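The values are calculated or read from the model by the stated rules, or taken from the named source; none is laboratory data. Here the structure is a predicted model, which means the values were calculated and not measured. With ideal geometry, Cβ positions are generated from the backbone for all residues, glycine too; neighbour counts draw on all protein chains shown. Ligands, DNA and RNA are excluded from the accessible area calculation, which covers all protein heavy atoms including side chains. Shrake-Rupley method; radii C 1.70, N 1.55, O 1.52, S 1.80 Å.
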Amino acid sequence: MLRQYVERNFLSLPYLIQSRSITSIPPGWTLSSIDDAKRWIANFRGHKAIKKEDIEVTFARSSGPGGQHVNTTNSKAVVKLPLKSPQIPSWARNALRQSPSYIRSSDSLQTSSMTSRTQGANLDECLSKLHSIILKAAMESVPTLPSAEQQERVKEFQKKEQVQRKEFKMKRKNVKRGRSAKWDD
């Protein structure tokens, strides 16, 4: 009963359900590493730019509307960022490998843009896309611990479950005791 309630109301906390301890932390994480990861995310969110020394940029001919301009200029930008880059924390790499932008053969993330008629605007859009992909994966990778209010609610439900279980056991005990009682004839 508690498991169903917690699964329904705290879907982001499957590791708490398995261990039945409200304060447990998933394997591979510590409180300090979670805090470090949250600080990294806050810092990365504040800096909208990705360092250009780690990325590989190529330009190609764009397709679509634009007349003869798209046929004569290389305005489409393609950006690759290796996952081994120091800009990407190790704890976010597994989530990034699940991204549609992940290229397995080169173990990198790749984005492209051809919405603008200029290389610079398309490059900026690619870097923005890459930033949002990394940020989303990093945020999904960091486990969230329940608030104090959630912990109290779960403890209350655990107590109720224990009381119900004890009552059920007493009923079963009485039923079994009634079966073994000697009948007076």
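Key figures
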{"read-out": "Percent carbon-and-sulfur accessible area, region 68-185, ignoring ligands, DNA and RNA, probe 1.4 Å", "value": "51 percent"}
{"read-out": "Residue 129 versus residue 43: modelled label distance in nm, points set 7 Å from Cα along the beta carbon direction", "value": "2.8 nm"}
{"read-out": "Förster-model FRET efficiency, 25 Å R0, residue 36 and residue 110, C-beta, rounded to 0.05", "value": "0.35"}
{"read-out": "Label-point gap, in nm, between residue 53 and residue 140 - each point 7 angstrom along Cα→Cβ", "value": "3.1 nm"}
{"read-out": "Charge context of residue 54, other residues only, Cβ under 11 angstrom, K/R +1, D/E -1", "value": "+2"}
{"read-out": "Distance in nm between pseudo-label sites at residue 90 and residue 156 (7 Å out along the Cβ direction from Cα)", "value": "4.2 nm"}
{"read-out": "Extent along principal axes [Cα atoms of region 73-165; Å; largest to smallest]", "value": "74, 27, 21"}
